[in-house]
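Reading through the structure tokens given below for one structure.
The values are calculated or read from the model by the stated rules, or taken from the named source; none is laboratory data. Given the structure is predicted, the values throughout are model-derived calculations rather than measurements. Quick reminder, even Gly has a Cβ in these numbers, built from the backbone with ideal geometry, and neighbours come from all protein chains shown. Areas reflect the complete protein model, heavy atoms only, side chains present, ligands, DNA and RNA absent. Shrake-Rupley method; radii C 1.70, N 1.55, O 1.52, S 1.80 Å.
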Amino acid sequence: MAKVTLNIAKAYDDGFIENIEKTKFFQLNKNATTRTDLYCFAMALCEMESKAPSSISEVGSVKSFVRTEFLTNCEPLLSSLYYDKCLKNNPEKIDDLCNRDEVYSLAEKSANTGFGILKEWIETMDEETMFYKLIGYMDKQFEEIKDELSQ
């Protein structure tokens, strides 16, 4: 049976997410950002920092965070991440892309690694610094794409 929810480490949900809600840090609170978007943002941070997604069980107990029925707009992102991490070098296994449990499992690992990064950032930098860090990353990506296209 396919997963119904994507989980977050309880350590991140208790306290850390509550703090985001209270402080409205970087407009990541519920009134400004859906939980699905926050989950995808955390996954993107994992990729941005080139961190290997860690097992969710390494962070302790888990708690439901996003219902999979709300992932309709994010499914291509999750599938792309799974393809890049697991299938890119194994084209004969392309049908594994249909295994939603595996796709969701990687999304959980990536998001929880990203939540760890976000927690560290919130503890060590203000919103403006974080904004410029993200802009710098986008500039770097743009340069890499531009260089790739000019070859």
**Asked** How much of ARG67 can a 1.4 Å solvent probe reach, expressed as accessible area in Å² and rounded to 10?
**Response** 100
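Determine the gain in length on full extension of the stretch LEU149-MET130; use 0.36 nm per residue of separation and subtract their C-alpha separation, reporting nm with one decimal.
Result: 4.0 nm gained on full extension.
Just check the chain against the gyration tensor rule for me: Cα atoms, a ≥ b ≥ c as the square roots of the eigenvalues, rounded for a/c under 1.5, and otherwise prolate or oblate depending on whether a/b exceeds b/c. Provide the component values of the computation, followed by the final result.
On the way: a/c = 1.88, a/b = 1.09, b/c = 1.73.
Cα axes put the chain in the oblate bin.
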**Item:** Cβ charges +1 (Lys, Arg) and -1 (Asp, Glu), total dipole of the chain, debye
**Value:** 440
**Prompt:** What are the residues whose amide H is under 5 Å from the amide H of VAL66, where those residues sit 5 or more places off or on another chain and H is modelled from the backbone?
**Reply:** LEU6
**Asked** Label points 7 Å out from Cα along the Cβ direction at ASP139 and LYS88: separation in nm?
**Response** 2.5
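Give the ranking of LEU45, LEU77, LEU149 by solvent-accessible surface, highest area first, calculated with a 1.4 Å probe.
The most accessible residue leads, giving LEU149, LEU77, LEU45.
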